[in-house]
Every structure is written in C-alpha cells, then in structure tokens.
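Below: the structure, in structure tokens.
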Amino acid sequence: MSEEPDDVAGFEPAVAARKARETLAKRLADVVCLPASRIAPQERQMGADLLVDILRESHPDFRARCAQRIAKLPEAPGSVLRWLAVDDPVIAEPVILESLALTDADLAAIARTGGVDQRVLIAQRRELSPLVSELLLEFEETIVIETVLSNPGAGLSEAAVDHVTHVSRDHPHFARLLSRREELKPNQ
C-alpha cells in the first residue's frame, strides 16, 4: 500500500469540488436563462442569486466562459449580468459589449460601481442612449470622453454636448471629436 503525499491528497477533493461547483453553475445558468414563459420570476431570481454566489467562488476562467455564454442570451437575469460586468475587464467585456438584456439602468449601475475599464467598454457599445452617454461623460475621464465622442452609435443630449464643450477648454482635442457630431449646434 503506497501513501500519497499530503499535497496530492488535498488536491483531489479541491478539484472535485471545483468541478461540481462549475457543473452546478452551468445548470443554474441554463435555468435562469430560460424564456420568461417557462420560468416564474421568483424562480429566476432565486436561481440568479445562487448563480452569483457560486460565481463569486469560481475561477476567473470559468467566470469568463460563463460571461461569454450569458452575454448572448436575450433573457439573462440583470443581477448576473451586472455582477459579471463589474468583474475583471476581460470577464466583463462580452457582457458589456454584447448583452442586449442590459437596460440603461443596468449600464448606469455598472458605470457607477465599475472602474474606468467598465466605462470605456460601455462607451464602445454599438448603441448608447443619450442618458447613459451623459452619465459616462460626467466622470470626465479623457479615454471615456474620447470613446463616447468617437462612437457613432452613442446618442448625445444637449446637456452632454454642453458639458463636453465646457471640458474641451482644458482638452482642445475634444473639440475636433465634438465637431464631427451631428448633435453639435452652431451656438455651442
């Protein structure tokens, strides 16, 4: 009878626990992403809460795979999307850029709780409402302002244009980007 070293004996249960957690997370993701006609809202929310708890303890590679999968689903739960969106930028990227399930309220929450990386990703979305654009511009982060102004799918409110016009006094290169925008009025 051979004895296993201590590190090998402790390793196998950890690997088994990780695989079990990942299998459970995959199944929960399947359940919470069912169409609304097939799952009650309370069940979806309970499953989403459990999924977030499992993802908190999961390896970043698994969270990244989960984010890529959930980002493509039209009825993905907002709580899971918001949690993944404020994770490491590599994990957050597919959720922020691709998910059609994210609402303006979700994007605003992500912009407020996430970092500059999340705000740049939001600014890169194919379509961006004037409300979200205005919020992003309020942070006055150069890279975010440049990204919003360069995004043809980003709508700009009059207040946002006024704000960038004011900020461009200290950052003249914003004026060039702003001059290409249809929202700019001659008096601005």
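The values are calculated or read from the model by the stated rules, or taken from the named source; none is laboratory data. All values derive from a computational prediction rather than experimental measurement. Positions of Cβ are backbone-derived with ideal geometry, glycine not excepted, and every protein chain shown enters the neighbour counts. The accessibility values were calculated without ligands, DNA or RNA, using every heavy atom of the protein model including side chains. Shrake-Rupley method; radii C 1.70, N 1.55, O 1.52, S 1.80 Å.
As a test of reading the structure, rank Thr113, Thr165 by solvent-accessible area (1.4 Å probe, protein chains only), most first.
Thr113, Thr165
Could you compute the longest span of the chain free of trypsin sites (Lys or Arg not before Pro) located in DSSP loops and having at most 15 other Cβ atoms within 10 Å, not counting the site residues?
Counting only loop sites that pass the neighbour cut-off, the longest clear stretch is 1-71.
Does segment 49-97 come out rounded, prolate or oblate by the C-alpha gyration tensor, with a ≥ b ≥ c the root eigenvalues, rounded set by a/c under 1.5 and, if not, prolate when a/b is larger than b/c and oblate if not?
In terms of gyration-tensor shape, oblate.
Where the eigenvalues come from the Cα gyration tensor of segment 17-110, what are the semi-axes √(5λ) of the equivalent ellipsoid, largest first, in whole Å? Walk me through the numbers on the way to the answer.
Details: eigenvalues 66, 61, 22 Å².
Square roots of five times the eigenvalues give 18, 17, 11 Å.
Each residue of segment 92-101 in turn: what ³J(HN,Hα) in whole Hz from Karplus with 6.51, -1.76, 1.60 and θ = phi - 60°, glycine and Pro shown as x?
These are the phi-based 3J(HN,Hα) values: 5, 3, x, 5, 5, 7, 10, 5, 7, 7 Hz.
Rounded if a/c is under 1.5, else prolate if a/b beats b/c, else oblate: with a ≥ b ≥ c from the C-alpha gyration tensor eigenvalues square-rooted, which is segment 95-161?
rounded
Amide H to amide H under 5 Å from Leu128: which residues, 5+ apart in sequence or cross-chain, H placed 1.01 Å off N in plane?
Those lying under 5 Å, H to H, from Leu128 are Ala154, Gly155.
If you take every residue apart from Asp30 with its C-beta less than 14 Å away from the C-beta of Asp30, what net charge results, scoring Lys and Arg +1 and Asp and Glu -1?
+4
Enter the accessible area of Glu146 (Å², nearest 10), with the probe set to 1.4 Å and all protein chains included.
Rounded to the nearest 10, that gives 50 Å².
With the full set of protein chains in place, find how many percent of the accessible area of the chain is carbon and sulfur; take the probe as 1.4 Å.
53 percent
Could you list log10 I(q)/I(0) for segment 134-188 at q = 0.18, 0.28 Å⁻¹, which the Debye formula gives when each Cα is one point scatterer?
The Cα Debye sum returns log10 ratios of -0.48, -1.33.
If you split all Cα-Cα distances of the chain into 5 Å bins from zero, what percentages do you get per bin, shortest first?
All Cα pairs considered, the percentages come to 1, 8, 15, 16, 14, 11, 10, 8, 6, 5, 3, 2, 1, 1, 0, 0, 0, 0.
Averaged per residue, what accessible surface does segment 9-61 expose to a 1.4 Å probe, in Å²? Let's see the in-between values first.
On the way: 3460 Å² over 53 residues.
Counting only protein heavy atoms, the per-residue value for segment 9-61 is 65 Å².
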